[in-house]
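The values are calculated or read from the model by the stated rules, or taken from the named source; none is laboratory data. Quick caveat, the model's predicted, so the values are computed rather than measured. Ideal geometry is used to build each Cβ from the backbone, glycine not excepted, and the neighbour counts take in all protein chains shown. These accessible areas exclude ligands, DNA and RNA; they are computed on the full protein's heavy atoms, side chains included. Shrake-Rupley method; radii C 1.70, N 1.55, O 1.52, S 1.80 Å.
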Amino acid sequence: MVTPQTNITLEEAARLLPAFHSYAICGHVNPDGDCIGSQLALAHALRLMGKEVVCLLAAPDSVPHNLGFLPGVQDLVAGESCDFVPECFVGVDVPTAERLGGAKQVLDKTQVSFTIDHHASESTYAKHVYVDPSSPSASMLVWKLIELMGAQNADSALCAMTGLITDTGRFANQNTTSESLRVAADLMDQGANPSAISREIFQSRRLASLKLEGVMLAHMNIEEDGAFAWSYLTNEDFVSCDAVKADSEPLVGTLRSIEGVRVALILKENDEGTVRGSLRAKDDTNVALVAESYGGGGHKAAAGFTFEGSLDDALAQVPARVREFCFGKEA
Ligand code: 5GP
Ligand code: MN
């Protein structure tokens, strides 16, 4: 199931993509396991084919520490200060030019561009587009592409499995498909060990992240007869816990894990006077609608946005909008 913007098949992508010598591969700002995993999986495959590849970060210094085990992660460079001009630009797990952050300047200098993604969006930035929102991870699409190019190896399998494990929540989220489990079996046969990956991703939390979770729980509100859990973190909370933004990634999942909760929201104050919002649903509720109403996006059950305003304004507006959009309450 591909989006209307899609103008190539994966088979065509596998034919067209190897025609170049040099590539930049970019993901989205606030990168996660699927984003970095998809980038590195494709980089390993193209390098195996003898290509020159640079992997770009949409925002500098943004790799979460628990992704540090991925082979090739140390070679990621900040897109905003990268003066490499590749023949071909590939965006993976990133739907819009805005989400390319500072790496857009590399895209602007490149003749040919591809996007391989699983986020539905209204617009695109690439010449060759393949977007399949029914795919649980971008890395699963990247892996299919790698197979079609005949460029699999253990490193690319490890990176692709990492994307699949993180975006499916260890094969527990609603987006888990029987195909994703078959692909996971193939990846395991190629040398990707799901238990080793899970240990790195889920059992390597920094103490600061748990301290932050304590503060987040102290701020928590439960409404709508226990179905809506929301909380917030101030800049001061991050400082007092000695935490970085990535330490707050698992916390919206903690809210969603509460019995009876159907929708979880967390609002995090940014340094720039804006607020990051993260939304999760446990049932069929489409939280992406709330994120889109603030210019963000994502998937039905996991979406995010940047609120342009103070934390006080966000606290006054966003939970009310969730009550309106997800629980049918009057605005
Ligand atoms: P998270 O809450 O983990 O930041 O994001 C959840 C999902 O929503 C991810 O798939 C992420 O790519 C997407 N997402 C988060 N923030 C934004 C945003 O500002 N714009 C768009 N288009 N997608 C977002
Ligand atoms: Mn993804």
Open item on the list: So L212 ticks every box in (1) outside any loop (DSSP other than H, G, I, E, B); (2) closer than 26 Å to P319 by Cβ; (3) under 18 Å from the mean Cα position of the chain (by Cα) but one. Which box is left unticked?
Closed with: (3)
Open item on the list: With the requirement that a residue be open to solvent by 20 Å² or more (accessible area, probe 1.4 Å), within 14 Å of ligand 1 (Cβ to nearest atom) and of a type in the set (D, E), what does segment 239-252 give you?
Closed with: E249
Task: Close pairs from segment 215-236: first touching a residue at least 24 places away in the same chain (Cβ under 8 Å), partner open to solvent by less than 50 Å² (accessible area, probe 1.4 Å) and basic (K, R), Cβ under 8 Å, at least 6 apart - done: A229/R256; Y232/K268; L233/K268
TODO: May I ask you to say which residue of D117, D132 is within 16 Å of ligand 1 (Cβ to nearest atom) and crowded, with 24+ Cβ neighbours inside 10 Å?
DONE: D117
Task: Odd one out for A291, checked against (1) of a type in the set (A, V, I, L, M, F, W, C); (2) out of contact with any Phe, Trp or Tyr (no Cβ under 6 Å at 6 or more places or on another chain); (3) within 16 Å of ligand 2 (Cβ to nearest atom); (4) free of Cβ contacts under 8 Å to residues at least 40 places away in the same chain - done: (2)
TODO: Give the residue that is nearest to ligand 1 (Cβ to nearest atom), with candidates limited to residues of segment 95-112 that are open to solvent by less than 50 Å² (accessible area, probe 1.4 Å) and more than 20 Å from the chain's Cα centre (by Cα).
DONE: V106
TODO: Using the structure shown, decide if A301 is in contact with a His (Cβ under 7 Å, 6 or more places away or on another chain) and either under 20 Å from H28 (Cα atoms) or open to solvent by 50 Å² or more (accessible area, probe 1.4 Å) (or both).
DONE: no
Open item on the list: Take the conditions within 26 Å of P133 (Cα to Cα), of a type outside the set (G, A, S) and under 21 Å from the mean Cα position of the chain (by Cα) and apply them to R262. Does it pass?
Closed with: no
Open item on the list: Looking at L289, L217, L255, can you tell me which residue is out of contact with any helix residue (DSSP H, G or I) (no Cβ under 6 Å at 6 or more places or on another chain), open to solvent by 40 Å² or more (accessible area, probe 1.4 Å) and part of a helix (DSSP H, G or I)?
Closed with: L217
- [ ] Determine the pairs where a residue that is under 16 Å from V275 (Cβ atoms) and aliphatic (A, V, I, L, M), located within segment 296-309, has a partner that is more than 6 Å from ligand 1 (Cβ to nearest atom) and open to solvent by 30 Å² or more (accessible area, probe 1.4 Å) with Cβ atoms under 9 Å apart, the partner being 6 or more residues away or on another chain.
- [x] A303/R280; A303/N286; A303/L289; A303/E292
Task: Residue that is farthest from ligand 1 (Cβ to nearest atom) [pool: residues in segment 23-52 that are surrounded by fewer than 24 Cβ atoms within 10 Å (Cβ to Cβ) and over 18 Å from E147 (Cα atoms)] - done: E52
- [ ] Could you list, in sequence order, all residues of segment 65-83 that are surrounded by fewer than 20 Cβ atoms within 10 Å (Cβ to Cβ) and touching an Asp or Glu at 6+ places or on another chain (Cβ under 9 Å)?
- [x] H65, G68, F69, P71, G72, A78
